[in-house]
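Below: the structure, in structure tokens.
The values are calculated or read from the model by the stated rules, or taken from the named source; none is laboratory data. Just so it is clear, the structure is predicted and the values come from calculations on it, not from any experiment. Neighbour counts run over all protein chains shown; Cβ positions are idealised from the backbone, glycine included. Heavy atoms of the whole protein, side chains included, go into the accessibility calculation; ligands, DNA and RNA do not. Shrake-Rupley method; radii C 1.70, N 1.55, O 1.52, S 1.80 Å.
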Amino acid sequence: MSKDTYPHLEALRELMRSKHIDAVIIPGTDPHQSEYPAEHWKFRDFVSGFTGSNGTAVVTLDEAGLWTDSRYFLQAEEQLEGSGFSLHKEGVEGEPTTLQWLGEVLGEDSVLGIDGRLFSLVEANRIEMFCAQNGFMFAPDFRAAEAIWSDRPARPMNPAFVHDEALAGEDVGSKISRVLEVVEEAEADGLLVTSLDDIAWLFNLRGSDVDYTPVVISFAYLSEYERVLFIDSEKVTSEVEDHLKKYNIRVRDYDDIEKYLGKIRDSHTVMLDPDRVSDALGQAMICNKTYHTSPIIALKGVKNESQIEGFRKAVLYDGVAMVRMMMWMEQNVANGITEMDVDRRLQQERATFESSRGDSFHMIAAYKDHGAIVHYEATDESAYTLEPNGLLLIDTGGQYLEGTTDVTRTVSLGNPTEAEKHDFTLILKGHLALSRAVFPKGTTGVQLDVLARGPLWQEGMTFFHGTGHGIGHFLGCHEGPQSIRMQINETPLALGMVTSNEPGIYKTGEYGIRTENLILCVPACQSEEWGEFYKFETLTLFPYDTTLIDMDMLTREEVKQINAYHAMVVERLSPMLNADERLWLKEKCKEINL
């Protein structure tokens, strides 16, 4: 693929010469800072051939580099072969950052270009300061894709649809009122919203414009007097039109956003999130601006009772799909099935539920040493054939009208080694410790993170990804504002937040082990002297592989916890299973004893 993209790199350089641009930075995102951009905005992929979800390309007139993290080192090495791009490994000691590299290779008075639509205000300001410090010129409106990408895919024109208020648990009018209260408190007159999941939540709209996340490509502007949705008219069905009119939301063309923002009176103050609003939109505004984290992030991060009930239904459906897929896999593991066959089978099982809307991210079905690649994505070319031995790591999630799921299980396909059992049990101990945590109101994720890592740390091991991320309600599988990780995040865990619990261990060339459930923050206890305390309710419904547990490493409390969880799994899933499936599940969930 990448050899085929080499002419694209040369076409870009020809354009750069004609526009007197000496270097260009190309991110892998879109004007909405989306995790999964639509094909229309994958210009980095077009130029370099690299398709990973995280990566930044930098091109000069003589050299080209692609920066990505450890999840994609192997993929990048393969895809960049013959592309004219060199791989730069983020997070590896001695590797320069994109700007450090540019500081070394560019001469004085060089011109550095970006497409300001694809960079947040914060990112663009950082690049502009870098240019000023190094004597470079900054060109924030170098829009190369339109000039050289002749067969560029069109923007998606899939119709939007209304997310039922009974599932959302709150009407649009109430959400707008709550958001505008925050805007008013910040002494602002309006709010610019550019993140697709924020808009979807705010207006109770969903779509299918990008992979894995049910959003519709759009912008929005809110004030006391105006509510405007900027969206391609082809997406607005009669149902959506009636829905928007009910809440006095005007519709304008998607491409009108810059013109509209430029006409806001200079006496007005608009609130915007500098980490989410693009530099191009920020520069289009001549009015006053006040910079704040989007108020929608915190509001949608706390789920209401209707959403929580939806999550409980979604994990039920997903648990049933996982049971059926696992039974099929066990019956066929000796018949030459591959990692991709496992992926496809689970998609089929999910699709049997009427409210299913596909996967919430690209499934990871990683056998043996593939499991050591943290975000491995199998293809038909790379997929291993399964055998009745070794470990298989499955990290997967589904989108349902009722909610979003994310679950990881590591299972033995036969004859587990002592090392595999030892490491699996270490991960399970950390996972269990976090899930049974009790903590005071105001606690942040970084304060709980050690619970999941502690068993590994005691043996001089760790993992480098976060332990937990927030999850959207029929929205993005990865959302804020909370997290559980080593890095500081000052957002406290609040009642109604749904977060993942997913410690892991990865041994290069051998195997990877990760165990993940979704956990809901709920009340624990309260007293006048000590205040409120919270705990977690485990939502995910699927058994741990008890054949991988080293019983000598467990405490009585942990055994009791595992047995209680498995009893809950059997109780909740059994009514939706047939007789054979119930027998299989009961066997997997049978009590363990020290």
Separation between Cα centres of region 184-203 and region 1-27, rounded to whole Å = 36 Å
With all protein chains present, region 117-167 has a carbon and sulfur share of its accessible area (1.4 Å probe) in percent of 53 percent
Relative contact order computed over the chain (Cα-Cα under 8 Å; 6+ residues apart), in percent = 11 percent
What percent antiparallel are the DSSP beta bridges of region 252-406, to the nearest 5?
-> 70 percent
Zone reached by a paramagnetic label modelled 7 Å from Glu591 Cα along Cα→Cβ, restricted to region 551-572 with backbone N below 19 Å, covers 551-552, 554-572
Gained length - Glu224 relative to Ala334, 0.36 nm times residue gap less alpha-carbon distance = 33.2 nm
Across region 494-574, how large is the tail of the calculated P(r) beyond 19 Å, expressed as a percent of all Cα pairs?
-> 55 percent
Using the alpha-carbon atoms, what tilt in degrees (0 to 90, nearest 10) does helix 556-573 show relative to the longest principal axis of the chain?
-> 80 degrees
How far is helix 305-332 tilted off the main Cα axis of the chain, in degrees rounded to 10, range 0 to 90?
-> 60 degrees
So what are the ³J(HN,Hα) numbers for region 59-64, from phi and the Karplus equation (6.51, -1.76, 1.60; θ = phi - 60°), rounded to whole Hz, Gly and Pro as x?
-> 10, 10, 6, 10, 9, 8
Where N is the number of residues in the chain, Cα Rg divided by 2.2 N^0.38 Å = 1.00
How many percent of the accessible area of region 467-594 is carbon or sulfur, using a 1.4 Å probe?
-> 51 percent
For region 434-447, just list the computed ³J(HN,Hα) in residue order, Karplus coefficients 6.51, -1.76 and 1.60, θ = phi - 60°, integers in Hz, with x standing in for Gly and Pro.
-> 5, 5, 9, 5, 10, 8, x, 3, x, 5, 9, x, 5, 6
Taking a label point 7 Å from the Cα of Glu239 along the Cα→Cβ vector, which residues of region 163-183 have an amide N closer than 12 Å to it?
-> 163-165
Built amide H within the under 5 Å cut-off of Ser120, gap 5+ = Asp279
Carbon/sulfur fraction of accessible area - region 225-294, other protein chains in place, 1.4 Å, % = 43 percent
Distance in nm between label sites at Ser527 and Glu354, each 7 Å beyond Cα in the beta-carbon direction?
-> 5.0 nm
Against the globular-protein guess of 2.2 N^0.38 Å, express the Cα radius of gyration of region 100-167 as a ratio, rounded to two decimals.
-> 1.70
Over 27 Å (Cα to Cα) - which of Lys303/Lys441; Lys235/Lys300; Lys89/Lys289; Lys300/Lys590; Lys368/Lys588 fall in this group = Lys89/Lys289; Lys300/Lys590
Treating only the Cβ atoms of Lys and Arg (+1) and Asp and Glu (-1) as charged, compute the dipole magnitude of the chain about its Cα centre; round to the nearest 20 debye.
-> 1000 debye
Per-residue HN-Hα couplings for region 71-81, Karplus 6.51 cos²θ - 1.76 cosθ + 1.60 at θ = phi - 60°, whole Hz, x for Gly and Pro?
-> 4, 10, 4, 5, 4, 5, 4, 6, 6, 8, 4
Translational diffusion of region 441-496, µm² s⁻¹ [Kirkwood Rh, Cα pairs; Stokes-Einstein; 10 °C; 1.306 mPa s] | 131 µm²/s
Expressed in nm to one decimal, what extension gain is obtained for the pair Ala147 and Leu495 from 0.36 nm per residue of sequence separation less their Cα-Cα distance?
-> 120.3 nm
Quick one: which residues, 5 or more positions from Gly398 or on another chain, have an amide H under 5 Å from its amide H? H modelled 1.01 Å from N in the peptide plane, none for Pro or chain starts.
-> Ser360, Thr405, Asp406
Taking a probe of 1.4 Å, how large is the accessible area per residue of the chain, in Å²?
-> 42 Å²
For region 5-85, just the Cα set please: Rg and Dmax, both in angstrom.
-> 12.3, 36
Determine the distance separating the Cα centre of region 66-104 from the Cα centre of region 451-508; give it in Å without decimals.
-> 26 Å
Once label points are set 7 Å from the Cα along Cα→Cβ at both Asp4 and Asn158, what is their separation, rounded to one decimal in nm?
-> 2.3 nm
Label point distance in nm, Ala564-Glu537, each placed 7 Å from Cα along Cα→Cβ = 1.5 nm
Which whole-angstrom value gives the distance between the alpha carbon centres of region 120-183 and region 371-432?
-> 34 Å
Given DSSP loops and a limit of at most 12 other Cβ atoms within 10 Å, what is the longest stretch of the chain that contains no such GluC sites (Glu not before Pro)?
-> 225-353
